[in-house]
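Novice: Before I ask anything, here is the structure I am working with.
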Amino acid sequence: MKIISNKREGNKILLEIEEDYPKFSEAIDKTLNEAGKEMNIPGFRPGKAPKKMIEQAINREVLETQAAHNLISDLYPQIISETKIEPVDYPKVDIVSMAKDKPLVFKISVDVYPEVTLGKYKGLKVEKDKVALGDEDVVKVLENLKTRMEKPGPDGKKPEIALDDEFAKKVSKFSTLVELKEEVKQSMLKDREARADSEVKNKLIAEASHEANVEIPAGMIEHEIDIMVDELRSSLSQSGLTLEDYLKGIKKEEKAMRAELSKSAEIRLKGKVVLRAIALAEKMEVSEEVMDKELKGIADATGEGLSDLKKRLDEGARKHIEDYMLRRCALDFISEKAKIKEVDSKFSEVRRKADEGEKKEEEK
C-alpha cells in the first residue's frame, strides 16, 4: 500500500492511496468465493459450482467494485495507523481507478478530531455560591416525610404524627430528633456543596471553551446527540417510560428533538475537546496504576473480575476511558488554578441575570 497524498482541510483529511494489483486480485477471488456460496446455480449445491460458472453468472464490474470496497475496509486500520489520524465519523470512499494488472487507486475523505487553539485556562475567575442551610430547611424535609406518613390507612383514618424522638426512631437509626436533624443537615449540606462544586466546574469549562478556538465536525456532533438520546432513554426507563412514550407526550418527532439537541451537543463537545487539549498541553498522562484503579471501579460496579474486564475491553474502549480520565485531570487542574470567589447565592443569581441582560443587549 502506498499513500500518494495526505491533505488536511479544516477538520477533514483527504487521502489518495494505491494498492498493488496482486492484493486487489486476491480480494476479487475472495469476494467471488463468498458470492459463490450464496448463489444458486442449477445442478450444483450452494457453494459447489465451478469458479468459471460463478464468474459467468456474476456481473464483473459489480464483483470488482465490491472487492475494492472489501479491500479498502481491510486496509483502513493500517491507513489510520500510518497516517496517525483520529477519525470521528465514517469515511467517504471514491474509487479512482481499478484495471487489470494496474494498482487499485482510491480516495478517502474523513472528518477527524479537531485542532484546538487554546486561550487562557489558568487563573480563570468564576463565582461559587456559598452553601448555607437554615434550621427551617431541615424541618421542611422532615415535615414532608411526616406528611407522607400521615396518609390515611385502609380504615380511612389519618394517623397523627409528631416530630419527636419517637418519629426519629421510626424513620432512622437514631433515638432522638436532635440526632436525626443533624444527620439530615449534614446530608443536605453535602448535597448542596456537591451541586455548588459541579456548577463551578461547569463555569470553568464554559470559560475555558470561550477562550479557545475550535470548530467541531458535524460527525462528532451527531455522535454526541446519540449519546444524549441514550442518556435520556436510560433516565426515562428508571421511571418506567420509553423514549417513544416521551416523544408522544411532548408531541414531537425524534428528528425534531435531535435538531434541538444539536446546539447543546456542540457546547458539550467543545468542553470535552478543550479539556483534552489542556491535558495534552500540560503533558498529562494516565499511568497503568491509575488506569487499573479506574478499571477496578468499573469491574466492581458491574460485578466483573478486573482481569476479565481487561480482556473484554478493546483498544477503542480503553482509549475512551483514558480520554475521560485525562479530561477529568484537566478539569481538576484548571479548578486548582482558578480564582474562585464565594458569593451569596441570591447575589449570584442577580448577577447572573444582569450578565444575561447585558449579553442580550450586545447581541441586538
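Only the coordinates and a few stated rules stand behind these numbers; no lab work does. Owing to the predicted nature of the structure, the values given are computational and were not obtained by experimental measurement. Glycine gets a Cβ as well: all are built from the backbone with ideal geometry, and neighbour counts include every protein chain shown.
Novice: Per residue of the chain, what 222 nm ellipticity follows from adding -39500 (n - 2.57) for every DSSP H run with n ≥ 4, rounded to the nearest 500? Before the final figure, lay out each step's value.
Specialist: Numbers: 13 runs with 225 residues, N = 364.
Computed mean residue ellipticity for the chain: -21000 deg cm²/dmol.
Novice: What are the aspartates and glutamates whose alpha-carbon lies under 12 Å from the alpha-carbon of Lys12, with same-chain residues fewer than 8 places away excluded?
Specialist: Once the sequence-local aspartates and glutamates are set aside, what remains near Lys12 is Glu86, Asp89, Asp111, Glu115, Glu215.
Novice: What is the set of long-range amide H partners of Lys128 at a cut-off below 5 Å, with H atoms built 1.01 Å from backbone N?
Specialist: Lys341, Glu342, Val343
Novice: Further, regarding this structure: What is the helix-to-structure angle for 254-281, meaning the angle in degrees between its Cα long axis and the longest Cα principal axis of the chain, kept from 0 to 90 and rounded to the nearest 10?
Specialist: Helix 254-281 and the main axis of the chain meet at about 90 degrees.
Novice: Putting +1 on Lys and Arg Cβ atoms and -1 on Asp and Glu Cβ atoms, find which of Thr242, Met220, Asn202 reaches farthest to the positive end of the dipole of the range 201-260.
Specialist: Thr242
Novice: With the contact rule set at Cα under 8 Å and sequence spacing of 6 or more, what percent relative contact order holds for the chain?
Specialist: Relative CO of the chain lands at 19 percent.
Novice: Still on this structure, please answer the following. In debye, nearest 20, what is the charge dipole magnitude of the chain about its Cα centre with +1 on Lys and Arg Cβ and -1 on Asp and Glu Cβ, if you could check? Please report the intermediate quantities before stating the final value.
Specialist: Values: 69 positive and 77 negative charges, 67 e Å.
For the chain, the charge dipole is close to 320 debye.
Novice: Given a Förster distance of 45 Å, report the FRET efficiency between His210 and Leu241 from their Cβ-Cβ distance, rounded to the nearest 0.05.
Specialist: That gives a FRET efficiency of 0.80.
Novice: Taking a cut-off of 23 Å between Cα atoms, list the lysines near Lys140, but don't count ones fewer than 8 places away on the same chain.
Specialist: Straight-distance partners of Lys140: Lys130, Lys151, Lys158, Lys169, Lys170, Lys173, Lys181, Lys185, Lys190, Lys346.
Novice: Among Asp226, Asp164, Asp94, which one shows the highest mean-square fluctuation when the chain is modelled as a Gaussian network with alpha-carbon springs under 10 Å?
Specialist: With Cα springs under 10 Å in the chain, the top fluctuation among Asp226, Asp164, Asp94 is at Asp164.
Novice: What distance in nm separates the simple spin-label points at Leu306 and Lys293, each placed 7 Å from Cα in the Cβ direction?
Specialist: Taking the two extended label points, one gets 1.2 nm.
Novice: Here are several values of Cα Rg over 2.2 N^0.38 Å: (1) 1.46; (2) 0.98; (3) 1.20. Which one was derived from the coordinates shown?
Specialist: (1)
Novice: Moving on. Would you list, by chain and number, the lysines whose Cα falls below 19 Å from the Cα of Lys122, excluding same-chain residues fewer than 8 positions away?
Specialist: Result set, ordered by chain and number: Lys201, Lys203, Lys270, Lys272, Lys283, Lys337, Lys339, Lys341.
Novice: Mind jotting down the distance between the C-alpha centroids of the range 46-113 and the range 1-34, whole Å?
Specialist: 7
Novice: Give a quick list of GluC sites (Glu not before Pro) in the range 198-227 that DSSP marks as loop, anything other than H, G, I, E or B, with at most 16 other Cβ atoms within 10 Å.
Specialist: Working: sites: Glu199, Glu207, Glu211, Glu215, Glu222, Glu224; in loops: Glu215.
Within the range 198-227, the qualifying GluC sites (Glu not before Pro) (loop, at most 16 other Cβ atoms within 10 Å) are Glu215.
Novice: Just want the answer: with Cβ charges of +1 for Lys and Arg and -1 for Asp and Glu, which residue in Ile3, Val62, Tyr76 is farthest toward the dipole's positive end in the range 2-111?
Specialist: Selected residue: Val62.
Novice: Counting alpha carbon pairs within less than 8 Å and at least 6 residues apart, what relative contact order, in whole percent, applies to the range 215-281? Could the numbers behind the result be given before it?
Specialist: Values: 27 pairs, mean separation 32.0, N = 67.
This gives 48 percent for the range 215-281.
Novice: Quick one: 3J(HN,Hα) in Hz for the range 161-170, Karplus 6.51/-1.76/1.60 with θ = phi - 60°, rounded, Gly and Pro as x.
Specialist: After applying 6.51 cos²θ - 1.76 cosθ + 1.60, I find 10, 10, 7, 9, 4, 5, 4, 4, 5, 5 Hz.
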